[in-house]
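I have placed the structure first, in the form of structure tokens, so that the comments after it can refer back to it.
Just so it is clear, none of the values below were taken in a lab; they were calculated from the coordinates. Remember, it's a predicted structure, so these values are computed and weren't measured experimentally. Cβ atoms come from the backbone with ideal geometry, glycine included; neighbour counts cover every protein chain shown.
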Amino acid sequence: MERYYQPEIETASREQIKAWQDERLVTQVRHVWDNVPYYREKMREAGVTPDDIHGTEDLHKLPFLSKDDLRRAYPYGLVAVPLKDCVRIQSTSGTTGKRVVAFYTQADLDLWETCCARAIVAAGGTNEDVCQISYGYGLFTGGPGLNGGSHKVGCLTIPTSSGNTERQIMFIRDLNATILCCTPSYAAYLGESMKEMGLTPDEIPLKAGIFGAEAWSEEMRQSIQETLGIKAYDIYGLTELSGPGVAFECSAQSGMHINEDHFIAEVIDPDTGEVLPDGTQGELVFTSITKKAFPLIRYRTRDICVLTREKCSCGRTHVKMTKPRGRTDDMLIIRGVNVFPSQIETVLLNLGYPANYQILVDRVNNTDTLDVQVEMTPEMFTDNLGEISRRQKELVDSLRSMLGLTAKVTLVAPKSIVRSEGKAVRVIDKRKI
């Protein structure tokens, strides 16, 4: 029997969903025009005013927003309410160290947590469940979002955050955790660790997992389900829009329902910006229609996917998106963290290294690895191992500060990284996703 957190919304008619979207879009466009000079300027440049927007059919007239806009407007340029009305920020790394900072009113937090509650209920969660949140807390949206959703559903919530695997397993077993929320690679690692302890799926109390923040394959899903003896559900979100819970999987496990009462989704041709029909692969674009502090309109996610409105066996009527099938930019997602080659390049150049480097990404024992190979200049080149070790440690520390995760650094001889005639191959991603 399928359960819903808000059945009247999640199973609403398409006519009702469109009516909500039309009304909320008109209100939101007026809100940003009145309160955000940056938006007003962009709309003027596009030759559009709030009077031109009567509903979703006019959405295409509005200009796109991109990560570049967020960087230009950083930190307060897109905030649409007085700062005294904002109660929280969340943040993710930007392309060159400028972070994306998203702002929330109390009402925004409430709506976000409601979206996460829907995801937990879709995964079978009730107020009788014990929900272990093993996403990172702090600036990262994973922990706070699912934590709030778990409270709304009434689950006993274990806010373990990420890491400390022994303690994670202790809580799962001692407190009989039934739902696990974390990155898929960490779920796989927990599963492997429990297997090594001699635990069979029958001895693991978990029944469901909500895994997101990085790409994962159907094969990985099957493997996690078998090792932990659970059903594994996907969840999608972006800090820019709120965080996890923008879309979530249901019992059908065949794509994620987008919370269309809060977000309007479009798929566009990444080169021309033309809106594509449902069922066509393209770049996902979102408009947030209920968020007040930091409302993004036609935000280009850079994620490639397909939208489908085919009837779903779960009874939910909201449009579904496939797992992202790649990106239109060079962003890597490593252990749930956004990493851009340009960030790594910034660190190298700041420390006097040439822009000749290679980033090797792999997945070992279900955990992403990041190895940065860096050429030394002829002046730096030395066979003094102590000096090389000192330089490598300096780079590891600087990269950790920039990226928020630890990379392995290998210094190599000058001219030893292959030069390319065309576009330099900076990233070698060996993960099978």
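Given a Förster distance of 22 angstrom, what is the FRET efficiency for ARG327 paired with GLU219, based on the Cβ-Cβ distance and rounded to 0.05?
0.60
Using Cα centres only, tell me the gap between the range 348-421 and the range 110-170 in whole Å.
Taking the Cα centre of each part, the range 348-421 and the range 110-170 sit 36 Å apart.
Between VAL100, VAL418, VAL285, where does the largest GNM mean-square fluctuation fall for the chain, given springs only between Cα atoms within less than 10 Å?
Maximum among the listed residues: VAL418.
With a cut-off of 20 Å, note down the residues of the range 167-185 whose backbone N falls inside the zone around a label point 7 Å from the Cα of ASP202 toward its beta carbon.
173-174, 176-178
Report the extension gain between ARG72 and ASP269 in nm, rounded to one decimal, defined as 0.36 nm multiplied by the number of residues separating them, less their alpha carbon distance.
68.5 nm
Using Cα pairs closer than 8 Å and at least 6 residues apart in sequence, work out the relative contact order for the range 271-379, in percent.
Taking the mean separation of contacting Cα pairs over the length of the range 271-379, I get 16 percent.
Whole-Å semi-axes of the range 333-429's equivalent ellipsoid, largest first, each the root of 5 times a Cα gyration tensor eigenvalue?
Three semi-axes, in Å: 21, 17, 13.
Along the Cα→Cβ direction, 7 angstrom out, place labels at THR346 and GLN16. What is the inter-label distance in nm?
Distance between label points: 4.6 nm.
Specify the inter-centroid distance of the range 262-334 and the range 189-244, based on alpha-carbon positions, in whole Å.
When both Cα centres are located, 24 Å separates them.
Return the FRET efficiency for the residue pair GLU57, GLN253: r is the Cβ-Cβ distance, R0 is 45 Å, and the value is rounded to the nearest 0.05.
So, using R0 = 45 Å, E works out to roughly 0.85.
Along the Cα→Cβ direction, 7 angstrom out, place labels at GLU23 and GLN281. What is the inter-label distance in nm?
Going by the 7 Å Cα→Cβ label model, 3.9 nm.
Residues of the range 149-175 with the amide nitrogen closer than 19 Å to a label point 7 Å from the Cα of THR406, along Cα-to-Cβ, please.
161-168
Tell me, what HN-Hα J-couplings in whole Hz come from the Karplus equation 6.51 cos²θ - 1.76 cosθ + 1.60 at θ = phi - 60° for each residue of the range 154-164, using x for Gly and Pro?
Ordered by residue, 3J(HN,Hα) equals x, 5, 6, 9, 10, x, 6, 6, 8, x, 6 Hz.
Given the Cα-Cα distance of SER416 and VAL87 and 0.36 nm per residue of separation, how much length would full extension add, in nm?
Fully extending the segment from SER416 to VAL87 adds 113.3 nm.
Relative contact order for the chain: what percent, with Cα pairs under 8 Å and sequence separation of 6 or more?
Computed over the chain, the figure is 14 percent.
Per residue Cα convex hull volume for the chain, in cubic angstrom? Mind dumping the intermediate values first?
Details: hull volume 67.7 nm³, N = 433.
So the per-residue Cα hull volume is 156 Å³.
Please report the Cα spread of the range 242-357 along all three principal axes, rounded to whole Å, starting with the longest.
58, 31, 31
For the range 377-384, take each phi angle, set θ = phi - 60°, evaluate the Karplus expression 6.51 cos²θ - 1.76 cosθ + 1.60, and give the result in whole Hz per residue in order, putting x for glycine and proline.
Values, residue by residue: 7, x, 5, 7, 4, 8, 9, 7 Hz.
Per 5 Å bin, what is the whole-percent P(r) computed from every C-alpha pair distance within the range 118-195?
Binned Cα distances yield the sequence 3, 17, 29, 26, 18, 6, 0.
Less than 14 Å Cβ to Cβ from LEU111, Lys/Arg counted +1 and Asp/Glu -1: what total charge do the surrounding residues give?
So the surrounding residues net to +1.
Would you mind computing, in nm to one decimal, how far apart the modelled labels at PHE64 and SER313 are, each placed 7 Å from Cα along Cα→Cβ?
About 3.6 nm separates the two model spin labels.
Taking N as the number of residues in the range 21-137, what is its alpha-carbon radius of gyration divided by 2.2 N^0.38 Å?
Dividing the Cα Rg of the range 21-137 by 2.2 N^0.38 Å gives 1.30.
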